[in-house]
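K.L.:
Mind having a look at this structure? Questions to follow.
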Amino acid sequence: MKNDCLFCAIAAGEIPSSKVYEDELCYAFYDIAPQAPTHFLVIPKEHIGSVAEVNDANSGVVAHIFEVIAKVAGELGLESYRVVSNIGEQAGQSVHHLHFHVLSGRDMTWPPG
Ligand code: 5GP
Ligand code: ZN
């Protein structure tokens, strides 16, 4: 756990959140400022700064997170959804702990803004 990391604190239960799913490797919770009728985040419990820090040693948790996204989306009955991860300031990353947004329930544009 990294000091002063908001999502490390959320994964550890030190800051409350609305849980969607949890296991030993990852935690999923609803976004505090939803951008779609359904908007949750899936994070690894270990601190990884962003997709840019994924490597051979930690990519297993990323594969696991995508299994979890498929499972949870199915359980929630989501038939169409978008998975997004922002990397760096220009792309809009505001929390520097790897997270995948799962957005669903409204029409979406392409390309994203
Ligand atoms: P980013 O901007 O880094 O791609 O995504 C960070 C996301 O975390 C944003 O959508 C923001 O609304 C969400 N967020 C920031 N602080 C909190 C919090 O304390 N609790 C929850 N549930 N979501 C948060
Ligand atoms: Zn962290």
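K.L.:
Name the residues whose placed amide hydrogens come within less than 5 Å of the amide hydrogen of F40, ignoring near sequence neighbours (fewer than 5 apart) on the same chain.
P.N.:
D31, V102
K.L.:
Counting only heavy atoms of the protein chains, get the accessible area per residue of segment 3-113 (1.4 Å probe) and round it to a whole Å² value. Walk me through the numbers on the way to the answer.
P.N.:
Details: 6500 Å² over 111 residues.
Per residue, segment 3-113 has 59 Å² of solvent-accessible surface.
K.L.:
At 1.4 Å probe size, what's the solvent-accessible area of V62? Round to the nearest 10 Å².
P.N.:
Ignoring ligands and nucleic acids, V62 comes out at about 30 Å².
K.L.:
Starting from the Cα of K2, draw a straight line to each of the aspartates and glutamates and keep only those under 17 Å, dropping any in the same chain fewer than 8 residues away.
P.N.:
E14, E46, E53
K.L.:
What is the sum of charges around L78, taking Lys and Arg as +1, Asp and Glu as -1, for the other residues whose C-beta is under 13 Å from the C-beta of L78? Before the final figure, lay out the partial values.
P.N.:
Details: positive: K71, R82, R106; negative: E75, E79.
So the environment of L78 carries a net charge of +1.
K.L.:
Can you give me the solvent accessible area of L76 with a 1.4 Å probe, rounded to the nearest 10 Å²?
P.N.:
Surface accessible to solvent at L76 totals approximately 80 Å².
K.L.:
Right, another one. Y30: net charge of surrounding residues, Cβ under 15 Å, Lys/Arg +1, Asp/Glu -1, itself excluded? The partial results should precede the final answer.
P.N.:
Numbers: positive: K19; negative: E22, D31, E75.
Within the 15 Å Cβ shell, the charges total -2.
K.L.:
Reachable aspartates and glutamates from K19, Cα under 15 Å, same-chain residues fewer than 8 places away excluded?
P.N.:
Once the sequence-local aspartates and glutamates are set aside, what remains near K19 is D31, E75.
K.L.:
Can you tally the net charge around L98? Count Lys and Arg as +1, Asp and Glu as -1, for every other residue whose Cβ sits under 10 Å from the Cβ of L98. Working shown, then result.
P.N.:
Values: positive: none; negative: E46, E53.
Net local charge, L98 excluded: -2.
K.L.:
Using a 1.4 angstrom probe on the protein heavy atoms only, could you order Y81, Y21 from most to least accessible area? Before the final figure, lay out the partial values.
P.N.:
Values: Y81 90, Y21 45 Å².
So the residues, ranked largest to smallest area, are Y81, Y21.
K.L.:
Applying the Karplus parametrisation 6.51 cos²θ - 1.76 cosθ + 1.60 with θ = phi - 60° to the phi angles of segment 83-94, what ³J(HN,Hα) value in whole Hz is obtained for each residue in order, glycine and proline being reported as x?
P.N.:
10, 9, 9, 8, 10, x, 5, 5, 7, x, 6, 10
K.L.:
Taking K71 as the anchor, which aspartates and glutamates have their alpha carbon closer than 13 Å to its alpha carbon, excluding any fewer than eight residues away along the same chain?
P.N.:
E22, D23, E79
K.L.:
Now for a separate question. Can you pull out the GluC sites (Glu not before Pro) in segment 57-113 whose DSSP state is coil and whose Cβ has at most 10 other Cβ atoms within 10 Å?
P.N.:
On the way: sites: E67, E75, E79, E89; in loops: E79, E89.
Sites meeting the loop and neighbour criteria: E79, E89.
K.L.:
Mean residue ellipticity at 222 nm from the helices of the chain, using -39,500 (n - 2.57) per DSSP H segment of n ≥ 4 over the full residue count, to the nearest 500 deg cm²/dmol? Mind dumping the intermediate values first?
P.N.:
Values: 2 runs with 23 residues, N = 113.
Result for the chain, helices only: -6000 deg cm²/dmol.
The values are calculated or read from the model by the stated rules, or taken from the named source; none is laboratory data. Because the structure is predicted, anything quoted here is derived from the model rather than measured. Here Cβ is always computed from backbone atoms with ideal geometry, including for glycine, and neighbour counts include all displayed protein chains. Just the protein is used for accessible areas: all its heavy atoms, side chains included, with ligands, DNA and RNA removed. Shrake-Rupley method; radii C 1.70, N 1.55, O 1.52, S 1.80 Å.
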